[in-house]
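Each remark here refers to the structure printed beneath this line.
FYI, it's all coordinate maths here, none of it is from the lab. Predicted model, so just to flag it, every value in this text is computed and none were measured. Backbone-built Cβ (ideal geometry, glycine too); neighbour counts: all protein chains shown.
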Amino acid sequence: MKNFSRRRVLRGMLNGGAITVGLPLLDAFLNTNGTAFADGKPLPVRFGLWSWGLGMNHSIFVPKKTGKDFEFPEEIACLAPLKDQINLLTNFSAFRDAAGLVGHVTGWIISRTGAPPSGNNLTAETWDIKIANQISRQQRFKTLTATGSANARTSYSYEDPNTPNPAEYSPLDFYARLFGPDFNDPNAKEFKPSPRIMSRKSALSAVVEDMAWLNKRVGADDKARLDKYFTGLRHLEKQFDQQLTKPDPIAACRPAANPKEAEMKMGNESQYVEQRHKMMADLLAMAIACDQTRVITMAYDDMSSNTVKPGYEKPHHTSTHEEPIDEKLGYQPTCSWFTRRSMEGFAYFVKAFADIKEGDGTLLDNMLVVADTDHGDARVHSLENMPMFTAGRAGGKFKTGLHVDMKGAPLSRMALTAMRTMGMDIQKFGGGSNLTSDSISEILV
């Protein structure tokens with residue numbers, strides 16, 4: 001429709017005053033296929049990382065067949081209804097080369113950075129941050145990190161080797177952060193920027209002017225430090241600008257219901273972890289739908305999980321070491337029980353995005369979610385035969401419904417594939433035996 005854009009508003013008079021009312025994301029704003037805006041601008045593609053602890057039990061987790069014609073063994077049977085929306089990739093390796101082995105740390109650090117840790121420490125930022133810097137710098141939140149555990153330190157997202165993004169672990173606090181006074185509902189009839197944001201913007205502008213004055217009067221080393229600081233301030237200004245500008249209407253944006261305080265159980269019992277994870281998944285889905293951010297990370301629980309099963313005296317991690325293998329079943333049944341709860345959590349997480357309509361499809365269709373873990377086989381804590389999942393079609397760039405045997409390839413191939421899919425011009429990723437220049441072609445369109 002000529003001269004009819006998604007920024008169009010209704011104008012009129014009410015009680016002698018001029019008013020404007022924003023319109024929702026109408027079909028008229030999209031192309032005839034519902035796959036892009038009418039002006040040709042594509043619907044944004046978002047990114048998510050999801051993690052679970054302590055790997056899997058190979059014999060009941062890994063399908064015997066690859067390709068599309070694969071079954072879901074009992075440990076991942078809950079994911080079968082989502083087959084057309086996910087991929088399962090098995091038999092990855094995390095190569096530590098000459099680095100020492102740090103239990104429950106080495107595997108996830110290699111997965112997230114492409115290199116083994118130095119002691120207990122990362123040697124680089126995690127690659128979700130690389131993606132966030134590419135696609136989410138101008139959103140209200142560059143990235144959001146959450147967990148189902150009751151611990152803010154359960155975070156696997158780092159801005160640099162020494163700066164983790166603390167995980168949101170209280171649904172009540174997370175709700176207030178996302179949909180509290182500073183939230184601008186894109187579908188609200190009136191737009192009233194938060195006075196707090198306006199004052200921050202004003203103060204920040206004054207600081208920038210002072211810093212520009214100072215920059216002319218310092219030496220080279222201080223100029224380098226100031227340049228890094230300026231870069232951070234400029235990113236903040238862009239985020240403030242976003243909050244001071246009336247957002248475009250988004251039909252899918254329906255601010256989540258405020259979690260009830262009675263539902264806020266903060267223990268590590270499995271039912272509480274499950275409940276918190278569901279709340280956090282719903283909040284993250286709405287944060288993405290309302291375009292508050294375009295990059296998220298979510299941990300079901302800690303990699304060295306201390307989740308407790310009702311009626312069983314030892315936590316998940318301890319059971320992987322001490323529970324005997326059931327001779328009839330051929331695996332550790334309690335350990336598998338914990339893994340199945342994690343997989344149910346992943347199923348809920350994927351469905352939270354798949355249930356939100358966007359354009360001619362769903363929010364999940366315009367996302368890429370990658371799920372990783374810290375080990376392969378839970379009992380021996382191996383760094384071989386490690387599994388990963390993807391969910392979503394990344395705006396049509398990803399195939400789904402596949403099981404791919406990675407044949408010992410480094411985990412960094414998934415990172416490289418994801419970063420390229422999200423628009424990064426990157427030739428290689430990782431270091432040492434984890435270095436790769438190859439995407440995973442089997443799952444790309």
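Pairs of alpha-carbon atoms within less than 8 angstrom and 6+ residues apart define the contacts here; what relative contact order does region 328-445 have, in percent?
Numbers: 133 pairs, mean separation 20.3, N = 118.
Normalised by residue count, the contact order of region 328-445 is 17 percent.
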If neighbour count is taken as other Cβ atoms inside 10 Å, put Cys253, Cys335 in order from fewest to most.
Cys253, Cys335
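Around Ser51, what is the net charge, scoring Lys/Arg as +1 and Asp/Glu as -1 over all other residues with Cβ under 10 Å from its Cβ? Before the final figure, lay out each step's value.
On the way: positive: Arg112; negative: Asp301, Asp302, Asp372, Asp374.
Net local charge, Ser51 excluded: -3.
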Mind ranking 362-368, 151-157 by how tightly packed they are, going by the mean number of other C-beta atoms within 10 angstrom, highest first?
362-368, 151-157
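Which links in Lys64/Lys351; Lys351/Lys397; Lys309/Lys399; Lys309/Lys357; Lys41/Lys130 stretch past 30 Å when you go from one Cα to the other?
Values: Lys64/Lys351 26 Å; Lys351/Lys397 20 Å; Lys309/Lys399 36 Å; Lys309/Lys357 36 Å; Lys41/Lys130 23 Å.
Among Lys64/Lys351; Lys351/Lys397; Lys309/Lys399; Lys309/Lys357; Lys41/Lys130, the Cα-Cα distance tops 30 Å for Lys309/Lys399; Lys309/Lys357.
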